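What follows is one structure encoded as structure tokens, with my remarks underneath.
The values are calculated or read from the model by the stated rules, or taken from the named source; none is laboratory data. Given the structure is predicted, the values throughout are model-derived calculations rather than measurements. Every residue, glycine among them, receives a Cβ derived from its backbone with ideal geometry; neighbour counts consider all protein chains shown. For accessibility, only protein heavy atoms count, side chains too; no ligands or nucleic acids. Shrake-Rupley method; radii C 1.70, N 1.55, O 1.52, S 1.80 Å.
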Amino acid sequence: MRDLSRLYNEHFGLTERPFSLLPDPDFLYWAPPHRKAYTMLEYGIAAHAPITMITGEIGSGKTTLVRKLLDDMPQDFSVGLISNAQGDRGELLHWVLMSLDRPVEPGLGYVQLFRQFQEFLIEEYADGRRTALIFDEAQNLSPLALEELRMFSNINADKDQLLQLILVGQPELRDLVSQPVLQQFAQRIAAEFHLRALTADEADEYIQHRLRHAGAQREIIDPEARHLIHLAGRGIPRLINQLCDYALVYAFSEDRPVADAALVREVLEDRRQSGVFAAVTGGGAEAALGLPQRAQGWNEPAPEGWGQRPPEPGGWGLSESASPSGPSRTEEGSPEDPNMFHGVWDRNG
């Protein structure tokens, strides 16, 4: 079998694959929402915030920001990363201690486990080190687990916070912490930000940034194709990566030097029957994306936000108000600003 990865790169003059789905901080593009989210993470660490929370849709780039934070973490921190903790409160302590590379003796009860954890925090503090726990996919934690984490944050030394919690998760996490039973937990959140989808301009620069980082010396995906990829990917970086990768594979297979809009439509047409892109290639989205109408009998409604009129010449059939990139742009800091964070710190203040 041919080494398609090598041939793919050679065909386009790339040094590495530009649109891998793996979270890679080296490819991080600092779009405004990602820069603000990361600044909020930095602020939470620097300000000794008890709890910092970052949320965003699936594929919005949360885990990439976590990887970047791990790379940049100060040397005087002990950091535990818990990617998908579940279970009762005793199991949560097991996850925490394992993430901190602390051996757990079999058969220990909750009291003994908690004492071991508390002693670790105190020892780290005595050695001039602080401790942070990062929970990725935190929307999977139960209300009882979150309440237990709040109790962890009560371990203090005089005025110093021995433990800082960073929760990263999908939008369901915001709904979870807004429950009345978690009111005390919510009040401990000192820094918070929600990642929105990329706008058309941000997505365009995102695609070009990744290509440049992978060694591209020329245009490989043309502007019209990039715009179409933004529409079909709804501004979600992971979906944009998938479409770009498919488009380059198709272009390579047909020995094309550039992926154009016609080729992207071919990719979408091949994937409209199933998979993650099926939901965005039906109804009014077909006209907006320039795809052939489905066969009679296809009655699924168009995804929310898609326009119903056919594309105008040079346009995409979407009004500004119906753009899948979100609300219309407003002056930053206004109530409608999609970049607005919900923490206690005003960067512009």
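Let me confirm something: among ARG174, ARG218, ARG210, ARG226, which residue is touching a Pro at 6+ places or on another chain (Cβ under 6 Å) and either of a type in the set (D, E, K, R) or in a helix (DSSP H, G or I) (or both)?
The match here is ARG210.
How many residues does the range 225-242 contain that are crowded, with 22+ Cβ neighbours inside 10 Å and over 17 Å from the mean Cα position of the chain (by Cα)?
6
For ILE54, indicate whether it is open to solvent by less than 10 Å² (accessible area, probe 1.4 Å), touching a residue at least 40 places away in the same chain (Cβ under 8 Å) and within 24 Å of PHE114 (Cβ to Cβ).
It is false that ILE54 is open to solvent by less than 10 Å² (accessible area, probe 1.4 Å), touching a residue at least 40 places away in the same chain (Cβ under 8 Å) and within 24 Å of PHE114 (Cβ to Cβ).
Go through the range 33-138 and tell me which helices (runs of 4 or more DSSP H), entirely inside it, have 2 or more residues that are at pLDDT below 95, within 28 Å of GLN183 (Cβ to Cβ) and under 26 Å from the mean Cα position of the chain (by Cα).
Filter on the range 33-138 gives 89-99.
If LYS159 satisfies every condition in (1) closer than 21 Å to GLU42 by Cα; (2) within 18 Å of the chain's Cα centre (by Cα); (3) modelled with pLDDT under 95 but one, which is the exception?
(2)
Let's see how each residue does on (1) without any contact (Cβ under 8 Å) to a residue 40 or more places away in the chain; (2) open to solvent by less than 10 Å² (accessible area, probe 1.4 Å); (3) closer than 18 Å to VAL79 by Cβ:
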residue	(1), (2), (3)
PRO143	yes, no, no
MET151	yes, no, no
GLN161	no, no, yes
GLN164	no, yes, yes
GLU172	yes, no, no
LEU176	yes, no, no
GLN179	yes, no, no
GLN183	yes, no, no
ILE189	no, no, no
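May I ask you to verify whether LEU92 is touching a residue at least 24 places away in the same chain (Cβ under 8 Å) and surrounded by 18 or more Cβ atoms within 10 Å (Cβ to Cβ)?
In short, yes.
Name every residue in the range 177-188 that is over 18 Å from ASN140 (Cα atoms) and in contact with a Pro (Cβ under 9 Å, 6 or more places away or on another chain), in order of residue number.
Correct list: ARG188 only.
Please pick out the residue among ASP270, ASP255, ASP222, ASP260 that is of a type in the set (Asp, Glu), within 26 Å of GLU10 (Cβ to Cβ), modelled with pLDDT of 95 or more and open to solvent by 40 Å² or more (accessible area, probe 1.4 Å). Walk me through how you get there before you give the answer.
Numbers: ASP270 fails: modelled with pLDDT of 95 or more; ASP255 fails: modelled with pLDDT of 95 or more; ASP222 fails: open to solvent by 40 Å² or more (accessible area, probe 1.4 Å).
Residue meeting the stated conditions: ASP260.
Among PHE114, PHE120, PHE135, which is out of contact with any Gly (no Cβ under 8 Å at 6 or more places or on another chain), within 14 Å of PHE152 (Cβ to Cβ) and open to solvent by less than 30 Å² (accessible area, probe 1.4 Å)? Write out each step before concluding.
On the way: PHE114 fails: open to solvent by less than 30 Å² (accessible area, probe 1.4 Å); PHE135 fails: out of contact with any Gly (no Cβ under 8 Å at 6 or more places or on another chain).
Among PHE114, PHE120, PHE135, only PHE120 is out of contact with any Gly (no Cβ under 8 Å at 6 or more places or on another chain), within 14 Å of PHE152 (Cβ to Cβ) and open to solvent by less than 30 Å² (accessible area, probe 1.4 Å).
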